[in-house]
Amino acid sequence: MNLSNGFSTEDDSRGGHDQICCLIDNNERCTRQAGNASYSKRIQKTVQQRKLKLIRDDSVSHIYICDTHKNMIQSVRSKRKRKDSEDDRGSPEAEEDVPDIDFFQMPVNTLRRYKRHYKIPTRQGLNKAQLADAVAKHFKNIPVVEKEALTFFIYMAKNYKSRLDQKYIDTVPC
């Protein structure tokens with residue numbers, strides 16, 4: 001098993017089967033079975049900002065956490081305003097929780113295809129955690145006009161069902 005900065009590499013990208021949670025909660029090692037959720041750098045930052053008493057056990061060779069800790073971390077996440085929303089006028093309902101995508105759960109090949117498709121500049125030989133960080137950073141910075149994207153989606157769903165042929169896409173005004 002390869003290890004780099006405490007994160008598992010591409011060779012160890014399987015889920016938390018037959019492993020216990022990698023966290024120490026309030027100075028006690030968690031003994032629950034690890035699920036598929038990983039203790040990524042983003043999650044570590046959230047834990048640190050929220051002053052949760054969770055630390056990763058460095059003697060463990062994986063980064064998977066149990067569902068109890070996953071739910072605990074998700075429950076303390078702050079709600080953020082959506083960026084670039086045309087209807088955002090400071091109303092309380094504009095502070096919806098924007099779902100995060102856990103790129104650490106995706107297969108390495110999917111991350112590599114995403115990186116190649118969008119031509120994300122990275123150094124050679126990244127491990128899965130580093131690749132997932134680069135993809136997540138790029139994904140969060142893609143500008144999307146929400147109203148336009150929803151309008152286009154509804155138009156295509158009503159008029160062309162699942163036939164997304166190039167000729168139909170070319171005829172739709174963007």
*Among the residues of the range 1-49, which ones are aromatic (Phe, Trp, Tyr) and at pLDDT below 50?*
PHE7
*Of the residues that make up the range 66-74, is at least one modelled with pLDDT of 90 or more and either in a loop (DSSP other than H, G, I, E, B) or crowded, with 16+ Cβ neighbours inside 10 Å (or both)?*
yes
_Would you confirm, using the coordinates I've provided, whether LYS79 is closer than 27 Å to VAL47 by Cα, open to solvent by 100 Å² or more (accessible area, probe 1.4 Å), in contact with an Asp or Glu (Cβ under 8 Å, 6 or more places away or on another chain) and modelled with pLDDT under 85?_
yes
*List every residue pair whose Cβ atoms sit under 9 Å apart, with the two residues 6 or more apart in sequence or on different chains, where the first one lies in the range 113-131 and is farther than 17 Å from SER40 by Cβ and the second, anywhere, is open to solvent by 70 Å² or more (accessible area, probe 1.4 Å) and not aliphatic (A, V, I, L, M).*
TYR118/PHE139; ILE120/LYS137
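The values are calculated or read from the model by the stated rules, or taken from the named source; none is laboratory data. It should be emphasised that the depicted structure is a prediction, and the values quoted were computed from it without experimental measurement. No Cβ is skipped: glycine too gets one built from the backbone with ideal geometry, and neighbour counts run over all protein chains shown. All accessible areas refer to the heavy atoms of the entire protein, side chains included, with ligands and DNA or RNA removed. Shrake-Rupley method; radii C 1.70, N 1.55, O 1.52, S 1.80 Å.
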